[in-house]
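Remarks on the structure that follows.
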């Protein structure tokens, strides 16, 4: 039986993009279904009744939720091609640690850059750079986070890059000036087709952010 | 070379206990080092500079942080005995999902039971039971979360059980009356030596909670 793979997603989600990059790395064909997050589909509510969030990967009718769990699932099911997690347990633990760090810190810090003003925004900009600098330190002189090969931790972080233009424009600052090595890494990742075709357009993300700012009354 | 395994921990931590149960399941000898969380050791700060939190597993000098990542690491390094995660990718994804759910929901809900009063406390008690009922639904009629064998998700949840007496006493209610199947599962887990010897004494946890309440001025 051929695999039936469906991805419930939202175009601008850095979490959804992780699943897209992983599927592209593995060369998996799938049906992409865009969700309207203000009017979620019955399928989404049924497939992720606990969190009611995208992304959900539906593989032969069975749902997998939470982006990092989805990427690990994809890596374990389609293990014959393009391994994403390192094979060595200590390296795997490091990759999981930093991916978890990104989820615990980076999303909120980024959100605060465009959803706050004044001192609060300045603090958020500083926080965001400090988090990136910690990640840049972890990257070190390697081409990718896990070494010579693009992998799990690259996927966990690169999807945020499509929001950097919005963060920079809303925050009126340059991330590249602060973290040049990280930006060089991001550009390296974007040369991969799996990444370039999966990441949302940065200009459209910025327009999307402007529309949410307007909706929330943050000018 | 014999493995050198050190665990930086705090006796009442449900996260630290996870590492203890996993090490006991695998039969790993290790040095337990109790941390004073108000005066953290240089070793802790050096081994977990990012979060500065216990537990930290130091294996041959290299640190692994974050309890669920530690348990997965232990499972991958000592893979010849007592497998903790299921072998099938979909089951693995489910275990990871529910363990993540516990971390995202249960800790905060439990904390609010003893750190709040009045309506807020009543809401916290209700929340806590609702989360446990979702977990009870996932357990279903199985002896353990992953089926016939004690495993990863059992470890992720059972350590909270040592706090149930404190939650019940502070909240003046019975968790068993609401979730009898889950409590039966917990008692089943406690029959295992790996669990009974790793979990903190529930009376001592209650006394500890009373001391924090006093410190925080919550009476």
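With respect to the conditions (1) more than 22 Å from residue B:48 (Cα to Cα); (2) within 14 Å of chain B (Cβ to nearest Cβ), residue A:150 falls short on a single one, namely (2). Condition (residue is assigned to a helix (DSSP H, G or I), at the interface with another protein chain (Cβ under 10 Å from one of its Cβ atoms) and either in contact (Cβ under 8 Å) with a residue 60 or more places away in the chain or exposed (fewer than 14 other Cβ atoms within 10 Å of the Cβ) (or both)) applied to segment B:75-85: is it met by at least one residue? Yes - at least one qualifying residue is present in segment B:75-85.
Residues that are crowded, with 17+ Cβ neighbours inside 10 Å, in contact (Cβ under 8 Å) with a residue 40 or more places away in the chain and farther than 19 Å from residue A:22 by Cα occur at least once in segment A:97-112. Examine segment B:39-61 for a residue that is within 11 Å of residue A:93 (Cβ to Cβ) and either away from chain A (no Cβ under 11 Å) or surrounded by fewer than 20 Cβ atoms within 10 Å (Cβ to Cβ) (or both), and state whether such a residue exists. Scanning segment B:39-61 turns up no residue that is within 11 Å of residue A:93 (Cβ to Cβ) and either away from chain A (no Cβ under 11 Å) or surrounded by fewer than 20 Cβ atoms within 10 Å (Cβ to Cβ) (or both).
Within segment A:9-51, the residues that satisfy the criterion of being over 18 Å from residue A:156 (Cα atoms) and not in a loop (DSSP other than H, G, I, E, B) are A:31, A:32, A:33, A:34, A:42, A:43, A:44, A:45, A:46, A:47. None of A:66, A:130, A:88 is over 20 Å from residue A:176 (Cβ atoms) and either more than 10 Å from chain B (Cβ to nearest Cβ) or surrounded by fewer than 22 Cβ atoms within 10 Å (Cβ to Cβ) (or both) except A:88.
So that you can scan it fast, the table gives a plain yes or no per residue for (1) under 21 Å from the mean Cα position of the chain (by Cα); (2) outside the structural domain of residue B:111 (by the TED database); (3) within 22 Å of residue A:75 (Cα to Cα):
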site	(1), (2), (3)
B:9	yes, yes, no
B:14	yes, yes, no
B:46	no, yes, no
B:63	yes, yes, no
B:68	yes, yes, yes
B:73	yes, yes, yes
B:83	yes, yes, yes
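Regarding residue A:112, is this residue within 13 Å of another protein chain (Cβ to nearest Cβ) and touching a helix residue (DSSP H, G or I) at 6+ places or on another chain (Cβ under 8 Å)? The answer is no for residue A:112. Scanning segment B:163-178 turns up no residue that is more than 27 Å from residue B:219 (Cβ to Cβ) and surrounded by fewer than 22 Cβ atoms within 10 Å (Cβ to Cβ). Taken over segment A:145-170, the criterion of being touching a helix residue (DSSP H, G or I) at 6+ places or on another chain (Cβ under 9 Å) and free of Cβ contacts under 8 Å to residues at least 60 places away in the same chain is satisfied by A:145, A:153, A:154, A:157, A:161, A:164, A:165, A:166, A:167, A:168, A:169, A:170. Looking at (1) within 14 Å of another protein chain (Cβ to nearest Cβ); (2) touching a strand residue (DSSP E or B) at 6+ places or on another chain (Cβ under 6 Å); (3) within 30 Å of residue A:148 (Cα to Cα), which is the one condition that is false for residue A:30? Unmet for residue A:30, out of (1) within 14 Å of another protein chain (Cβ to nearest Cβ); (2) touching a strand residue (DSSP E or B) at 6+ places or on another chain (Cβ under 6 Å); (3) within 30 Å of residue A:148 (Cα to Cα): (1).
The values are calculated or read from the model by the stated rules, or taken from the named source; none is laboratory data. Because the structure is predicted, anything quoted here is derived from the model rather than measured. Please note: Cβ atoms are built from the backbone with ideal geometry, for glycine as well, and neighbour counts cover all protein chains shown.
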